[in-house]
Amino acid sequence: MRRIVADRFRRLFNRSFLLHRHHHNHNHPPFPASSSLTSHYPFSPYRFFFSTPFSSMASDSPFPVTAQNINPKVLKCEYAVRGEVVTLAQNLQKDLLANPGSHPFDEILYCNIGNPQSLGQSPITFFREVLALTDHPAILDKSETQGLFSADAIERAWQIVEQIPGRATGAYSHSQGVKGLRDTIAAGIEERDGFPANPDDIFMTDGASPAVHNMMQLLIRSENDGILCPIPQYPLYSASIALHGGFLVPYYLDEASGWGLEIPELKKQLDAAKSKGINVRALVVINPGNPTGQVLSEENQRHIVDFCKQEGLVLLADEVYQENVYVPEKKFHSFKKVSRSMGYGENDVTLVSFQSVSKGYHGECGKRGGYMEVTGFSAEVREQIYKMASVNLCSNISGQILASLVMSPPKVGDESYESFMAEKGNILASLARRAKTLEDAFNKLEGVTCNKAEGAMYLFPQIRLSQKAIKAAEEAKTAPDNFYCKRLLNATGVVVVPGSGFGQVPGTWHFRCTILPQEEKIPAIVSRLTEFHEKFMDEFRD
């Protein structure tokens, strides 16, 4: 009986698949043109249908929930930063612990994710003092505390505790976040930009990721709704668009000009999407760039703001690396500052700006703090955004506190100011040195070119692979850059992420490497990678 049902399901699925494909061939032809459905876009909505054998669609599983009957949007969703290569690395790490000396390396060097403290970066002392005191306010008025904590940390902790409901970090807060903390953040934004900020525009979230998901959930109504997204991009965007059932409209950054964002490219992709019946709702801009590390010029940002205004697009500004700028000729400018300096008012441009405590010089990834500043929405839409925040009750209070500290650190005259500036400066200077060392090393490798890391925490070198290597990857049923990264991992213990997980111009191959391993380990990464690369190129030389 089960086999009869399974056969019937296969027939129905095949029929519905053909109808689905027929529909998309008529309504959403490829842009850019391609002969393969799975290569129309860097993240193809058809990948699930082609990668899942029809014979596996029927299951004899004893479980009521299987991969064949869960939400297909979940199957479409991919997140390369913690994908196959990282899973292999974690298994290798277990094997190294169980069987020391079993591999040609003695440790795994994780260069795959922007997780600074996991790689040895120390937290900022002032931030952690305030967090400790607010988590245990009973010690605030004890005499011993004066000798253990700085006076400004104690004063700030008192201020924050008085603002928190019940004076307890274990309590729920207002769904947008503690009002006093939002006041502090708004003041910090105003000090940064030179333009007013409203605490009621601040929605505090557990890192920037939930804020991105909230916006995708708000904007995407069906698969006909598109989001303009940079390629390469941070996989959070492709994943969230897939999960919420939207359509990723790619615009390609220009690698030859240092990953430039060109307005003609935006216009070309927008027009192509519209001609295929896609309702483009928003433009994602990541500045400084992830994985590409570029910092946009203010002039470029002005053109982007004008483009969104003219086309009626929501501007989704990922600004989580705003503290990570390493070149003196570039400076971070928020899109809100740029739009206000152009004369656009509160209701002229619809803008959502994302910030996080996970990046910058602080790297507090595990504390899950962040916020979005929402401007240019109608009152009725803002009510819906608030409703969505209310469903989650509130973000965690420790993350809220950290977000307020990041936007209002110690100032001149505070007891912690000099030590804070020294810690911050040392971290950013070291990151700049590491970026330069890795950039130089990549550019010395045969067939590899790497643009300068102007900001953020990553390099995204291009690797030109031989036809022999590409064929070997095809035989291994994997992408060529994934093939390279897996070989690199197994030979050296160095973990990088294949560029195919971020999107790239078809026919090019890249990998993303963080600059976060401690400075003393960078030479080992360079030597291991160099030795491996020479052998790989010789092995697969045409």
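Tabulated data for the structure shown
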| item | result |
| --- | --- |
| On Cα atoms only, tilt of 179-193 relative to the major axis of the chain in degrees | 80 |
| Burial ranking of peptide ranges 401-407, 264-270 (average Cβ count within 10 Å, highest at the top) | 401-407, 264-270 |
| Solvent accessible area, Å² - S275, 1.4 Å probe, full protein context | 80 |
| Within-10-Å neighbourhood charge of R192 [Cβ basis; K, R +1; D, E -1] | -1 |
| Dipole magnitude of the stretch 172-407, debye to nearest 20 (Cβ charges: Lys/Arg +1, Asp/Glu -1, about Cα centre) | 340 |
| Where H362, H333, H213 fall by accessible area, highest first, once all protein chains stay in place (1.4 Å) | H213, H333, H362 |
| Calculated FRET efficiency for the pair S275/K444, C-beta based, R₀ 30 Å, to 0.05 | 0.10 |
| Net charge of neighbours whose Cβ lies under 13 Å from the Cβ of E311, counting Lys and Arg as +1 and Asp and Glu as -1 | +3 |
| Net charge contributed by nearby residues that have their C-beta within less than 14 Å of R541 (K/R +1, D/E -1) | -1 |
| Apportionment of accessible area to carbon and sulfur, the stretch 126-166, percent (1.4 Å) | 52 |
| Cα Rg, Dmax, the chain, angstrom units | 24.6, 80 |
| Within straight-line cross-link reach of K486, lysines at Cα separation under 29 Å, skipping those fewer than 8 residues along the same chain | K73, K76, K94, K359, K436, K444, K452, K468, K471, K477, K521, K535 |
| Kirkwood Rh and Cα Rg combined as Rg/Rh, the stretch 126-166 | 0.92 |
| Amide H contacts of V314 (H built 1.01 Å from N, under 5 Å, at least 5 apart or other chain) | A282, L283 |
| Residue-averaged 222 nm ellipticity for the chain, from DSSP H runs of 4+ at -39500 (n - 2.57), nearest 500 | -14000 deg cm²/dmol |
| Cα centre as origin, Lys/Arg/Asp/Glu Cβ charges: the stretch 221-267 dipole, Debye | 180 |
| Using a Förster distance of 22 Å, the FRET efficiency for R382-R221 (Cβ separation, nearest 0.05) | 0.75 |
| In degrees, nearest ten, helix 379-391 long axis to first principal axis of the chain (Cα) | 90 |
| Antiparallel bridge percentage (DSSP; both residues within the stretch 172-407; nearest 5) | 35 |
| Restricting the stretch 109-173 to trypsin sites (Lys or Arg not before Pro) in coil, as DSSP defines it, with at most 15 other Cβ within 10 Å | K142 |
| Acute angle (nearest 10 degrees) that the helix 298-311 long axis makes with the longest principal axis of the chain, alpha-carbon atoms | 70 |
| Accessible surface of the stretch 369-501, 1.4 Å probe, proportion on carbon and sulfur as whole % | 52 |
| DSSP bridge pairs, the chain: antiparallel proportion in percent, nearest 5 | 50 |
| Where the chain is the region considered: accessible area per residue in Å², 1.4 Å probe | 44 |
| Charge dipole (debye, nearest 20) of the chain; +1 at Cβ of Lys and Arg, -1 at Cβ of Asp and Glu | 2240 |
| Alpha-carbon Debye profile of the stretch 172-407, log10 I(q)/I(0) at 0.17 Å⁻¹ | -1.35 |
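The values are calculated or read from the model by the stated rules, or taken from the named source; none is laboratory data. Source: prediction; values computed, not measured. When we count neighbours, we look across all protein chains shown, and the Cβ atoms used for this are built from the backbone with ideal geometry, even at glycine. For accessibility, only protein heavy atoms count, side chains too; no ligands or nucleic acids. Shrake-Rupley method; radii C 1.70, N 1.55, O 1.52, S 1.80 Å.
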